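Novice: Dropping the structure in here first, questions after.
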């Protein structure tokens, strides 16, 4: 049975294992394979000035295995917006519906904490767009027309901001 719950500090090894199952993703966003402390960084990193109390780490578990993860900033960049910093599905679980299932949980959490008139927002890195854009578009996200420069590791690129209303969901009820 699959269970969705907030991650705790003790789940860092499970998250690290999930991130290590995605070496192609790490290469596209940093230019390097996953690092030893990537999971801990994901769990604690937040934008400058963001209150860490608004950070949510949701995990989809299959028994004791973390098979999908979402990093969400509630109230970023404003009170009625939830920013999805990362939604990752274990490498051997792609195209099984787990990403959609976790996204539904993210949507529900955002609705509870930001209100039903709020917005879901995310950034798609240009070097990852071939993989990311079809998934996010299928969930009703659209580009805002905003983009910002990106530099991490050896990757220099841009990120495009995408969003959708919290109440909108294609393919399944919100």
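A short reminder: the numbers here are calculations on the coordinates, not readings from a lab. Everything quoted here is computed from the prediction, not taken from an experiment. Reconstructed Cβ throughout: ideal geometry from the backbone, glycine too, with neighbour counts over all protein chains shown.
Novice: Hey, can you rank 42-49, 116-123 by average C-beta count inside 10 Å, highest first?
Specialist: 116-123, 42-49
Novice: So, in nm, how far is label residue 78 from label residue 1 when the simple model puts each one 7 Å beyond its Cα toward the Cβ?
Specialist: In this crude spin-label approximation the distance works out to 4.2 nm.
Novice: Assuming R0 = 25 Å, what is the FRET efficiency of residue 24 and residue 148, from their Cβ-Cβ distance, to the nearest 0.05?
Specialist: The pair residue 24/residue 148 has a calculated efficiency of 0.60.
Novice: If I compute Rg and Dmax of the Cα atoms in Å from the structure I just sent, which labelled value in (1) 20.4, 62; (2) 17.1, 53; (3) 15.1, 41 lines up?
Specialist: So the calculated entry is the one marked (3).
Novice: Describe numerically, in nm with one decimal, the distance between label points set 7 Å from Cα along Cα→Cβ at residue 8 and at residue 138.
Specialist: For residue 8 paired with residue 138, the spin-label model returns 3.4 nm.
Novice: Which value in deg cm²/dmol, rounded to the nearest 500, describes the helix-derived mean residue ellipticity at 222 nm for the chain, given -39,500 (n - 2.57) per DSSP H run of n ≥ 4 and division by the residue count?
Specialist: -8500 deg cm²/dmol
Novice: So for the pair residue 62, residue 40, with labels modelled 7 Å out along Cα→Cβ, what separation do we get in nm?
Specialist: 2.9
Novice: Same structure again: Subtract the Cα-Cα distance of residue 131 and residue 48 from 0.36 nm times their separation in residues, and report this length gain in nm to one decimal.
Specialist: My answer for the length gained is 27.1 nm.
Novice: Give me 103, 94 ranked fewest to most by other Cβ atoms within 10 Å of their Cβ, as a rough exposure proxy.
Specialist: Final ranking by Cβ density, sparse to dense: 94, 103.
Novice: In whole Å, what is the distance between the alpha-carbon centres of region 126-143 and region 34-105?
Specialist: What the calculation gives is 16 Å, centre to centre.
Novice: Sticking with this structure for a sec: Would you work out the relative contact order for region 2-118, in percent, from Cα pairs under 8 angstrom that are 6 or more residues apart?
Specialist: Details: 181 pairs, mean separation 28.5, N = 117.
Normalised by residue count, the contact order of region 2-118 is 24 percent.
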